[in-house]
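Heads up, the thing below is written out as structure tokens.
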Amino acid sequence: MVKINYSTVVAISIVIVVAVAIGFAVSGNTFNKPAGPEKSGMTLTDMEGRTVTLNSPVERIVLMESSKTAELAAIAGDGFAEKIVGWDNDIKQNAGDEYAMFVARYPQLAEIPDVGSLDDGTFSIEKVISLEPDVVIMHNWQFTWAGDATADALTKLELAGIPVVFVDFYMDPMVNSTKSMLLLGKILDREDRAREIVDFYNNHVDAVYSRLATMNGTKPSVYVEQGYRGPSEYDITEGDAGWGSIVKKAGGDNIAEPLLGKSGKPLNPEYLISKSPDIIILTGRNWSTPGSIRMGYTSTPEDTRRTMDGYLARPGWDSINAVKNQKIYAIHQGYTFSVYNFIMLEAFAKWFYPEEFKDVDPDATIKEYHDRFMPIDYSGTFVCSYY
């Protein structure tokens with residue numbers, strides 16, 4: 001009886017898949033592809049601590065969290081749209097009206113091939129290889145939420161000779177976002193531009209930190225909930241990651257952290273009501289889900305407050321300190337996962353300590369960032385007070 005080594009079978013299967021995909025890419029694309037600029041090697045360390053070598057200049061990118069289009073656009077400028085040759089559906093499904101804003105300005109974005117997603121099993125290694133990218137950009141959180149799929153994709157891409165670079169705007173946002181922007185600047189050969197953005201970011205962050213360092217007293221207790229599912233169902237909150245880590249950086253006490261650690265999931269309503277947080281923050285986007293919190297480029301403050309009504313009417317919420325003391329706020333969900341998190345820090349600090357930060361205007365900061373760095377105009381509602 002012949003014994004079969006499962007690991008060997010898996011390895012052979014991966015090689016076959018990659019070989020077939022490479023053959024398809026060569027037969028379908030290479031002979032018709034015009035010669036590009038002469039490339040040289042570049043070695044860098046990504047946000048997973050991996051040493052990666054890729055060819056520079058980078059002209060063809062597959063973006064495996066397409067909501068990072070905003071970061072690429074800020075660094076690369078008007079030419080960013082031609083560099084994205086494939087992406088997942090994140091920007092279409094989860095970014096609200098941001099996708100429409102970008103497509104209105106850059107119609108070619110609507111034609112970018114969808115290579116599938118790591119977190120739902122639709123990722124296509126064959127399609128990625130056929131696009132002949134210079135680099136595939138992934139995000140650290142994809143190891144946390146889709147670890148097996150991410151590891152499998154990484155193995156296959158490396159076998160195909162396609163470099164993968166990880167960035168991080170979520171797992172440790174206030175530390176790794178600037179590092180990720182500088183990394184993208186190096187990949188795009190726009191390091192000066194990335195440094196300019198990082199300097200703007202740091203100036204605003206340091207201004208918040210310097211004030212907080214002089215303050216003493218009890219920290220306000222805070223609850224943040226994603227406003228995607230609507231008020232009838234409690235949605236996820238986060239421990240010491242994403243917005244949860246920003247609550248801490250802004251001088252608040254996140255009531256979810258002792259239960260969730262670095263993870264995110266819904267809290268038990270009874271627990272929330274018993275903790276009676278001083279401040280409640282809901283996150284929003286122009287999602288299609290009925291009852292979700294409406295925020296973004298095409299929303300008004302009235303739209304946002306109207307969708308917040310149902311949350312305040314939840315059973316037991318009238319007994320929570322935040323509701324009784326009228327400290328209910330909303331902020332754009334995208335600011336949790338992006339370089340915009342420094343604006344989330346400003347907003348949180350202002351809501352936690354209104355007297356100490358009364359001269360801080362997060363909305364003005366958003367507008368200034370768009371005016372200086374973004375190829376699309378600022379409009380709409382991204383931070384909002386209910387009262």
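Quick check on my filter: what residues within the range 192-219 are of a type in the set (S, T, N, Q) and over 24 Å from the mean Cα position of the chain (by Cα)?
Result: S210, T214, N216, T218.
Checking L267 against (1) aliphatic (A, V, I, L, M); (2) touching a helix residue (DSSP H, G or I) at 6+ places or on another chain (Cβ under 6 Å); (3) closer than 26 Å to A95 by Cβ, only one condition comes out false. Which one?
(2)
Being over 20 Å from D278 (Cα atoms), in contact (Cβ under 8 Å) with a residue 40 or more places away in the chain and either open to solvent by less than 20 Å² (accessible area, probe 1.4 Å) or not polar (S, T, N, Q) (or both): is that true of Y353 here?
no
Only residues that are of a type in the set (F, W, Y), within 20 Å of M42 (Cβ to Cβ) and in a helix (DSSP H, G or I): list them for the range 112-169, please. It would help to see each step written out before you state the result.
Of all residues in the range 112-169, those of a type in the set (F, W, Y) come to 123, 141, 143, 145, 166, 169.
With within 20 Å of M42 (Cβ to Cβ) added as a condition, the list becomes 166.
Result: no residue meets the conditions.
Of all residues in the range 257-289, which are among the small types (G, A, S), farther than 27 Å from E302 by Cβ and not in a loop (DSSP other than H, G, I, E, B)?
G264, S274
Please go through the range 114-123 and give me each residue that is in contact with a Gly (Cβ under 8 Å, 6 or more places away or on another chain) and farther than 15 Å from L154 by Cβ, ordered by number.
Here is the first cut: in the range 114-123, the ones in contact with a Gly (Cβ under 8 Å, 6 or more places away or on another chain) are 114-115, 122-123.
Across the range 114-123, the qualifying residues are D114, T122.
Report yes if G227 is open to solvent by less than 50 Å² (accessible area, probe 1.4 Å), modelled with pLDDT of 95 or more and farther than 22 Å from F357 by Cβ, otherwise no.
yes
Does D206 satisfy the criteria of being open to solvent by 10 Å² or more (accessible area, probe 1.4 Å), farther than 26 Å from K358 by Cα and not basic (K, R)?
For D206, the condition - open to solvent by 10 Å² or more (accessible area, probe 1.4 Å), farther than 26 Å from K358 by Cα and not basic (K, R) - is not met.
The values are calculated or read from the model by the stated rules, or taken from the named source; none is laboratory data. The structure presented is a predicted model; accordingly, all values stated were derived computationally and were not measured. Glycine gets a Cβ as well: all are built from the backbone with ideal geometry, and neighbour counts include every protein chain shown. Only protein heavy atoms, including side chains, enter the accessible area calculation; ligands, DNA and RNA are left aside. Shrake-Rupley method; radii C 1.70, N 1.55, O 1.52, S 1.80 Å.
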